[in-house]
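Read the structure below first, then the notes.
The values are calculated or read from the model by the stated rules, or taken from the named source; none is laboratory data. Please read all numbers here as calculations on a predicted model, not as lab measurements. Here the Cβ positions follow ideal geometry from the backbone for every residue, glycine too, while neighbour counts run over all protein chains shown.
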Amino acid sequence: MRYHDTLKHFMAAGAAALALGAASAGADEFTRADLEKWRKEFMAVVQEGERLFHSGKLGGNTVSCDMCHPNASNTHPETYPKFQKQLGEVATLRQMINWCIENPLEGKPLPLDDPRMVALEAYITYERRGVKLDPGKH
Amino acid sequence: MSVEKITRRSFLKRAGAVAAAAAAPVSLVEIAWGRSDARNFTFAYISDSHLTQIKGTKFVSNFDRGLKRAIAEVNFMSPKPDFVVFGGDLAQLGKRAEIDHGLELMSALRAPVKWVVGEHDFYLDMGEYWAEKVAPLHYSFDHKGVHFVVLNSILTYEDWIRKWSTPEERMLAMARLDNPQGSPFMVGDAQIRWLRKDLAGVSSDTPVVVLSHSPLYKVFKPWNFWTDDAEKVQAELKRFRKVTVIHGHVHQVLYNQIGNISFYAMMSTAWPWPYPVSYVQVPNAVPKLTVFMNRADPHSERDGTGWGWLDLDSGRAAMHYELWENRPRTVRFDPKTGRPVDTVYQDPDKRIPPQMHY
């Protein structure tokens with residue numbers, strides 16, 4: 001969902017809550033069923049990311065991400081943002097994903113908020129779960 | 001001996017290969033290299049080119065460039081290597097077009113080639129085209145007092161082979177390194193019986209070199225850095241005093257010593273693979289002995305790739321890694337400690353920051 005859609009949705013929900021007064025418990029309480037649902041939503045996106053990561057169709061030359069990064073290893077999502085000397089600036093993981101799509105995969109970069117980009121990031125980060133954040137590390 | 005060669009290589013790198021071929025002090029190199037002992041010889045090693053057909057005559061140019069560069073550099077070796085080993089995975093998806101393309105590029109080599117089959121060459125037609133056009137899937141030969149055995153180490157279980165609806169589906173499943181539906185490599189009992197018979201006439205003091213695609217030991221099962229029946233193969237090699245296994249598949253500097261056997265891995269000409277230590281969800285058995293190659297810089301197409309050459313000095317190997325974007329490395333068998341050591345970086349105090357993988 002794009003940012004402005006989210007915002008619209010949020011405002012509508014807020015208006016509805018105001019109209020109902022204090023009847024609903026609201027945003028700070030959630031149930032085990034909610035947790036399960038959100039987990040499922042997340043894992044579906046991870047799974048889509050895994051599919052894209054192993055797909056020869058993400059780029060333009062049949063090469064796929066996993067050919068260099070089995071299980072998304074050596075992507076180091078925990079180190080971003082970090083300085084990339086070849087870009088000459090501090091870059092995010094999504095910028096590096098696009099760099100890989102454009103270069104070894106000879107494809108077109110994705111918009112940074114493209115659902116495919118979110119899915120790729122979800123998969124890469126999930127495979128690195130448990131590793132502590134270390135932004136800037138080389 | 002290696003110092004002269006490295007100097008020559010560095011010279012080539014600086015001067016540009018073509019210019020250097022005309023200008024290099026080749027005769028000096030030959031004098032420095034030459035030894036009267038016929039048992040000392042050199043062979044080159046190129047591996048894992050993964051030539052990938054996009055469509056028709058269009059192939060992934062990055063991977064073509066890697067193999068072409070290795071071939072050009074091997075052709076500039078002086079004196080010439082006695083032969084060149086190709087360590088497997090010439091193709092990416094086992095297609096005839098890919099194998100043909102590889103044979104065409106490799107035909108530029110000015111030395112005979114000893115071929116090892118890899119899983120990417122094999123699982124489309126179970127090695128049929130390879131055996132017909134390239135080489136037998138396993139064989140042995142003798143060279144200057146050393147017995148060489150080429151094994152097909154990428155076989156797997158029959159049930160897995162039969163479970164796919166098409167050959168293409170099977171090939172794609174095996175080509176995916178991190179496939180949870182994958183299947184472990186093995187040499188298989190029939191080939192081990194052949195090996196036993198082949199070695200029966202070889203005396204225990206004859207140096208033996210085994211060439212395989214997968215490591216003949218167990219590093220990391222999820223990526224098939226692994227041979228399921230490795231121990232059985234090792235047992236057949238146990239009675240020999242000097243045994244060296246050289247393998248491809250892992251696309252990285254990797255070496256180990258298990259009992260009497262020294263293991264050395266080859267680089268890929270196409271792309272590097274991470275060490276399994278960088279996948280934190282599953283434990284690994286990466287040999288502690290290995291000083292890692294530098295972490296590859298993704299912005300440099302040829303970084304983390306290369307080729308190699310070996311000299312066999314009295315039946316023990318010295319592996320020279322020609323790393324295109326990094327300083328070359330030499331890992332040689334050290335008779336004092338009885339295992340391979342890196343001639344520069346083995347001491348932890350001598351290591352450099354890019355060798356740290358996490």
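Restricted to the stretch B:261-288, and to residues that are in contact with a strand residue (DSSP E or B) (Cβ under 8 Å, 6 or more places away or on another chain) and surrounded by fewer than 16 Cβ atoms within 10 Å (Cβ to Cβ), which residue is nearest to B:Thr330 (Cα to Cα)?
Selected residue: B:Ala285.
Looking at the stretch A:102-134 only, could you name the residues that are closer than 30 Å to B:Ile352 by Cβ and either of a type in the set (Val, Ile, Thr) or more than 14 Å from chain B (Cβ to nearest Cβ) (or both)?
A:Ile124, A:Thr125, A:Val131
How many of the residues making up the stretch A:44-61 are at the interface with chain B (Cβ under 9 Å from one of its Cβ atoms) and of a type in the set (S, T, N, Q)?
Result for the stretch A:44-61: 1.
In the stretch A:107-130, is there at least one residue being of a type outside the set (Asp, Glu), more than 24 Å from B:Glu301 (Cβ to Cβ) and more than 16 Å from the chain's Cα centre (by Cα)?
Yes: the stretch A:107-130 contains one or more residues that are of a type outside the set (Asp, Glu), more than 24 Å from B:Glu301 (Cβ to Cβ) and more than 16 Å from the chain's Cα centre (by Cα).
Looking only at residues that are acidic (Asp, Glu) and surrounded by fewer than 21 Cβ atoms within 10 Å (Cβ to Cβ) in the stretch B:290-313, which one is farthest from the other protein chains (Cβ to nearest Cβ)?
In this case the residue turns out to be B:Asp313.
Give the residues of the stretch B:131-146 that are in a strand (DSSP E or B) and not charged (D, E, K, R), sorted by residue number.
B:Tyr139, B:Ser140, B:Phe141, B:His143, B:Val146 - these are the residues of the stretch B:131-146 that are in a strand (DSSP E or B) and not charged (D, E, K, R).
Right, A:Glu41: out of contact with any Gly (no Cβ under 9 Å at 6 or more places or on another chain), acidic (Asp, Glu) and either within 12 Å of chain B (Cβ to nearest Cβ) or surrounded by 12 or more Cβ atoms within 10 Å (Cβ to Cβ) (or both) or not?
No: the conditions fail for A:Glu41.
Only one of (1) under 22 Å from B:Ser153 (Cβ atoms); (2) in a loop (DSSP other than H, G, I, E, B); (3) more than 12 Å from chain A (Cβ to nearest Cβ) is not met by B:Val245, so which one is it?
With (1) under 22 Å from B:Ser153 (Cβ atoms); (2) in a loop (DSSP other than H, G, I, E, B); (3) more than 12 Å from chain A (Cβ to nearest Cβ) applied to B:Val245, the lone miss is (2).
Hey, among B:Asp100, B:Asp189, B:Asp121, B:Asp82, which residue is more than 14 Å from every other protein chain (Cβ to nearest Cβ), among the acidic types (Asp, Glu) and under 16 Å from B:Ser47 (Cβ atoms)?
B:Asp121
Residues in the stretch B:63-76 that are over 16 Å from B:Met266 (Cβ atoms) and of a type outside the set (Phe, Trp, Tyr): how many?
The total comes to 5.
In the stretch B:199-220, which residues are crowded, with 17+ Cβ neighbours inside 10 Å and outside any loop (DSSP other than H, G, I, E, B)?
Correct list: B:Leu199, B:Val208, B:Val209, B:Val210, B:Leu211, B:Ser212, B:Phe220.
Scan the stretch A:62-94 residue by residue and report those that are within 9 Å of another protein chain (Cβ to nearest Cβ), touching a strand residue (DSSP E or B) at 6+ places or on another chain (Cβ under 6 Å) and at pLDDT 95 or above.
Result: A:Thr62, single match.
Among the candidates B:Gln191, B:Gln181, single out the residue that is crowded, with 16+ Cβ neighbours inside 10 Å and among the polar types (S, T, N, Q).
Exactly one of B:Gln191, B:Gln181 is crowded, with 16+ Cβ neighbours inside 10 Å and among the polar types (S, T, N, Q), namely B:Gln191.
Please note which strands (runs of 3 or more DSSP E) are completely contained in the stretch B:314-358 and include at least 3 residues that are at pLDDT below 95, surrounded by fewer than 20 Cβ atoms within 10 Å (Cβ to Cβ) and not assigned by TED's automatic domain parsing to the domain that holds B:Val253.
Output list is empty.
Based on this model, can you work out whether B:Asp64 counts as in a loop (DSSP other than H, G, I, E, B) and touching a residue at least 24 places away in the same chain (Cβ under 8 Å)?
For B:Asp64, the condition - in a loop (DSSP other than H, G, I, E, B) and touching a residue at least 24 places away in the same chain (Cβ under 8 Å) - is not met.
Would you say B:Met319 is in contact (Cβ under 8 Å) with a residue 60 or more places away in the chain and within 13 Å of the chain's Cα centre (by Cα)?
For B:Met319, the condition - in contact (Cβ under 8 Å) with a residue 60 or more places away in the chain and within 13 Å of the chain's Cα centre (by Cα) - is met.
Tell me the residue from B:Ile192, B:Ile154 that is of a type in the set (A, V, I, L, M, F, W, C), closer than 27 Å to B:Thr290 by Cα and at pLDDT 95 or above, please.
Among B:Ile192, B:Ile154, only B:Ile154 is of a type in the set (A, V, I, L, M, F, W, C), closer than 27 Å to B:Thr290 by Cα and at pLDDT 95 or above.
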